[in-house]
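A short worksheet on the structure shown next.
Bear in mind these aren't lab numbers, they're just calculated from the coordinates by the rules spelled out. Treat the numbers as computed from the prediction; the structure is a model and nothing was measured. Cβ atoms come from the backbone with ideal geometry, glycine included; neighbour counts cover every protein chain shown.
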Amino acid sequence: MLLLHILLFLLKLIGIVLLVILGLIVLILTIILLTPIRYRIGASKYQTIQAEGKVTWLFRLIEMIFKLDTGAEEGKRLHLSFRIAWLKLYDNQKPKEKRIKQKKTRKTKSKPESKQSEKVIQAAKPEQPEAKVQPIKTEQAAEMKHEEKLIEGPKESAVEKILRLTKSAANKILSLIRGVFSLICSILGIPSKIMDGLEKLENFFTKLREKKEAFLAFYNETHNHQWFTAFWHRLKKLLLRILPRADRLYLHFGFEDPATTGQVLGGLSILYPICGEKMELCPEFNEEILEGEVKCHGRIRPVSLVIFAVKSFLNKQFFSMVKQFKVLLKGE
């Protein structure tokens, strides 16, 4: 009985530990999915262009900052930093620590000086007697001249020279004739090449037309068209949730032509229903100017992205579409 009680207690303890671990996993997943990613964006242009952005997640445990100032000193115009909790992983303006490497000096052992200095003995070389130049005999000189004549060979006669020149001229004329003939052949072959090129171009356009018709048939198929329609509706809802909301929109603008200023003012007035009182437009019809500032914020819930991905891509219809699309790309 005691052993059974111990076994039941251990099983109960293991079950409690597993439930606690499961609860922690569910809690962590809930926090990750439901905690929104918040971002703020701002930009202004007066004398200089300035822009800044900030992205935070998990109650600012993860933070990324972006700043740009064209009027600042060189090297400090762009600031990027990324932080997780108190640990800053990246900061491009953080001064780099210069590590000074100490060179290790090796101790050289002093060699003991020899008591007696070494003596260098140079042996004097005996002078060689100069070679006496013996006069060349006349018979030997004649034999040497005869050998040189034999090596040089007989001189070319005038007839042989004329034959050699005519042969080289005939070879040049033949090569010129061959070049002209090949040029004429290439010129005559231009129309055939043009026709081949036009035929290849026509084949390319026919294949492109066939591909277009195949893709249109793929899109207009009943199941595929339903998937694309549902995907487009889901994407619009997702964009409406994650797009930023304006905090301030101020624009002071003007152009050389007053008509252009009026057209731009009419186009920007479409944003009034969206921004309301947060939007301020100051047109100038007499001078050319462009300055202003924009500030907006928004948030992205990871759960919205997960739901969108699951509904759109994790179904049999999507996988069958992918298979059909691969077949279309291969041209089978």
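Quick notes on this structure:
- The set of residues in region 73-87 being more than 27 Å from the chain's Cα centre (by Cα) and either within 23 Å of Pro244 (Cα to Cα) or assigned to a loop (DSSP other than H, G, I, E, B) (or both) consists of Glu73, Ala85, Trp86.
- Residues satisfying the stated conditions in region 255-272, i.e. under 9 Å from Phe285 (Cβ atoms) and not hydroxyl-bearing (Ser, Thr, Tyr): Phe255, Pro258, Gly262
Each row is one residue, and each column tells you yes or no for (1) touching a Cys at 6+ places or on another chain (Cβ under 8 Å); (2) part of a helix (DSSP H, G or I); (3) more than 27 Å from Ile300 (Cβ to Cβ); (4) of a type in the set (S, T, N, Q).
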position: Leu3; (1), (2), (3), (4): no, yes, yes, no
position: Val20; (1), (2), (3), (4): no, yes, yes, no
position: Ala43; (1), (2), (3), (4): no, no, no, no
position: Gln47; (1), (2), (3), (4): no, no, yes, yes
position: Gly53; (1), (2), (3), (4): no, no, no, no
position: Gly71; (1), (2), (3), (4): no, no, yes, no
position: Gln93; (1), (2), (3), (4): no, no, yes, yes
position: Lys96; (1), (2), (3), (4): no, no, yes, no
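- Test: residue in region 302-321 that is under 25 Å from Arg38 (Cβ atoms) and touching a strand residue (DSSP E or B) at 6+ places or on another chain (Cβ under 8 Å): yes
- From the list Val294, Val306, the one residue that fits, being surrounded by 15 or more Cβ atoms within 10 Å (Cβ to Cβ) and either within 21 Å of Ile49 (Cα to Cα) or hydrophobic (A, V, I, L, M, F, W, C) (or both), is Val294.
- Helices (runs of 4 or more DSSP H) wholly inside region 250-332 containing at least 1 residues that are more than 31 Å from the chain's Cα centre (by Cα) and basic (Lys, Arg): 302-313, 316-330
Table: residues versus (1) in contact (Cβ under 8 Å) with a residue 60 or more places away in the chain; (2) loosely packed, with under 10 Cβ neighbours inside 10 Å; (3) among the basic types (Lys, Arg).
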| site | (1), (2), (3) |
| --- | --- |
| Ser192 | no, yes, no |
| Thr206 | no, no, no |
| Glu210 | no, no, no |
| Ala214 | yes, no, no |
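- Note on region 8-54: among residues that are closer than 26 Å to Lys76 by Cα and over 32 Å from the mean Cα position of the chain (by Cα), the one that is surrounded by the fewest Cβ atoms within 10 Å (Cβ to Cβ) is Gln47.
- Looking across region 55-69, just one residue is surrounded by 15 or more Cβ atoms within 10 Å (Cβ to Cβ), in contact with a Ser or Thr (Cβ under 6 Å, 6 or more places away or on another chain) and either acidic (Asp, Glu) or assigned to a loop (DSSP other than H, G, I, E, B) (or both), and that is Glu63.
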